[in-house]
Amino acid sequence: TLSLHDALPISPELSPVGDRVLAINFAQPGLVLDLPTGAGEPRTISTGDVRVQRAFFFPDAKHILELGSTKGGHALRLWIESSEGGTPTPISPEGVTVGYRSCISPDGKQVEAQDPQGKITIYPVTPGPAIPVPGIEPGDVAITWTPDARALLVGRREVPARVFTVDLASGQRKLFKTVTPADPTGLFADQPPQFSRDLNSYVYSYQRITSDLYVV
């Protein structure tokens with residue numbers, strides 16, 4: 001029997017409709033756990049020689065994006081695999097990394113990631129060249145795609161937190177939203193806000209450190 005207790009999940013990933021969860025069991029490299037959130041049986045998805053560190057459902061829930069590496073000292077890269085299992089197919093070079101499921105475009109055709117040099121780059125799911133994103137500035141972190149998949153939301157560690165849209169074709173950069181608590185006293189920069197797919201909602205965390213000065 002499988003459960004979340006059999007895994008060491010880092011940010012367990014829900015399916016698009018919330019009926020399943022992908023989790024990683026680091027004690028069993030080469031396997032991804034597919035766990036139902038309601039009735040149903042858990043199952044394992046074999047990833048073969050790929051040691052997966054993160055796994056995300058594509059929008060159709062029929063495919064999985066995997067961040068993993070193979071033996072022999074190989075670096076992390078992106079792989080795609082059927083959610084029914086099979087052989088993972090690489091879609092990026094080694095040294096690429098992603099952080100959230102929102103890295104996958106709404107149509108499931110592209111993936112945003114950091115290339116081996118740390119630059120925000122678009123990798124097509126089907127064979128094709130990687131596309132560096134124009135209009136990116138030092139310190140930018142990709143947040144999510146716009147619903148039409150024509151632009152990315154980017155932000156950085158700063159207070160207030162400014163979020164910009166960057167057009168993928170032209171590199172045009174526009175301020176989308178500025179987020180800061182009502183009282184900015186003692187705040188220091190954290191991750192930029194995370195947005196829902198329709199961009200109508202967001203979550204934002206911050207840390208506050210305050211102190212008093214005394215004369216003795």
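Taking all protein chains as present, what is the carbon and sulfur share of the accessible area of the chain, in % to the nearest whole number, probe 1.4 Å? Let's see the in-between values first.
Working: 6270 of 11820 Å².
Solvent-exposed carbon and sulfur of the chain make up 53 percent of the total.
Any idea how far apart Q28 and S46 come out in nm if each label point goes 7 Å out from Cα toward Cβ?
Calculated label separation equals 1.2 nm.
Among 116-127, 60-71, how do they line up by average Cβ neighbours within 10 Å per residue, starting with the highest? Mind dumping the intermediate values first?
On the way: 116-127: 15.2, 60-71: 18.8.
Per-residue Cβ counts within 10 Å, averaged per peptide and sorted highest first, yield 60-71, 116-127.
So how far apart, in nm, are the two label points at D60 and A189 if each is 7 Å from Cα heading toward Cβ?
Going by the 7 Å Cα→Cβ label model, 4.0 nm.
Go ahead and collect, in residue order, the members of the stretch 131-162 whose backbone nitrogen is under 16 Å from a label point 7 Å along the Cα-Cβ direction of D107.
131, 145-152
Which three extents, in whole angstrom, do the alpha-carbon atoms of the chain cover along their principal axes, largest first?
Result, largest extent first: 62, 48, 37 Å.
Give the ranking of F57, F195, F176 by solvent-accessible surface, highest area first, calculated with a 1.4 Å probe. Provide the component values of the computation, followed by the final result.
On the way: F57 0, F195 25, F176 80 Å².
So, going from the largest accessible area down, we get F176, F195, F57.
Starting from the 7 Å offset along Cα-to-Cβ, what nm value, one decimal, do you get for the label separation of A130 and Q117?
The answer from the label model is 1.0 nm.
The values are calculated or read from the model by the stated rules, or taken from the named source; none is laboratory data. All of these numbers come straight from a predicted model, not from anything done at the bench. Here Cβ is always computed from backbone atoms with ideal geometry, including for glycine, and neighbour counts include all displayed protein chains. Heavy atoms of the whole protein, side chains included, go into the accessibility calculation; ligands, DNA and RNA do not. Shrake-Rupley method; radii C 1.70, N 1.55, O 1.52, S 1.80 Å.
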